[in-house]
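Structure, as structure tokens:
What follows draws every value from the coordinates through simple rules; no lab data is involved. Everything quoted here is computed from the prediction, not taken from an experiment. Don't worry about glycine lacking a Cβ; one is built from the backbone with ideal geometry, like all the others, and counts go over all protein chains shown.
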Amino acid sequence: MGSDPIAMNEVERSLKKAANDIDDLIMKIKDGEGTVGRLISEDAIYRDLEALADDLRRHPWKLFWKTKEKK
């Protein structure tokens, strides 16, 4: 009932690669790269999203009502 050493080596390599990929992703987020990184690191975006959420709580109809465009 021993395990295949070749298969275990492949699993180990795969896990190490996955861990490295996760580390790279976390570093990019911490550095403010990409959409998630910017959402986390930039206060202005956070404040804008909070204001939008507050406005939609007070005026939920804005999600469904399209205003007429001025010509």
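Would you check which residues across the range 29-47 are surrounded by 10 or more Cβ atoms within 10 Å (Cβ to Cβ) and out of contact with any helix residue (DSSP H, G or I) (no Cβ under 9 Å at 6 or more places or on another chain) and list them?
Scanning the range 29-47 gives 42, 47.
Does the range 16-23 include one or more residues that are under 17 Å from the mean Cα position of the chain (by Cα), loosely packed, with under 11 Cβ neighbours inside 10 Å, among the hydrophobic types (A, V, I, L, M, F, W, C) and on the phi < 0 side of the Ramachandran plot?
Narrowing the range 16-23 to residues under 17 Å from the mean Cα position of the chain (by Cα): 21-23.
When the remaining residues are screened for being loosely packed, with under 11 Cβ neighbours inside 10 Å, the result is 21-23.
Those still in the list that are among the hydrophobic types (A, V, I, L, M, F, W, C) too: 22.
Narrowing further to those that are on the phi < 0 side of the Ramachandran plot: 22.
Looking through the range 16-23, at least one residue is under 17 Å from the mean Cα position of the chain (by Cα), loosely packed, with under 11 Cβ neighbours inside 10 Å, among the hydrophobic types (A, V, I, L, M, F, W, C) and on the phi < 0 side of the Ramachandran plot.
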Practice problem: Output the number of residues of the range 48-71 satisfying the condition of being closer than 27 Å to residue 38 by Cα, basic (Lys, Arg) and out of contact with any helix residue (DSSP H, G or I) (no Cβ under 8 Å at 6 or more places or on another chain). | Solution: 2
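With respect to residue 52, determine if the residue is surrounded by fewer than 12 Cβ atoms within 10 Å (Cβ to Cβ), out of contact with any strand residue (DSSP E or B) (no Cβ under 9 Å at 6 or more places or on another chain) and of a type in the set (A, V, I, L, M).
yes
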Quiz item: Among the residues of the range 26-71, which ones are in a helix (DSSP H, G or I) and touching a Gly at 6+ places or on another chain (Cβ under 9 Å)?
Solution: 28, 29, 30, 38, 40, 41
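Yes/no matrix, rows are residues, columns are (1) over 17 Å from the mean Cα position of the chain (by Cα); (2) of a type outside the set (Lys, Arg):
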| residue | (1), (2) |
| --- | --- |
| 37 | no, yes |
| 43 | no, yes |
| 58 | yes, no |
| 63 | yes, yes |
| 68 | yes, no |
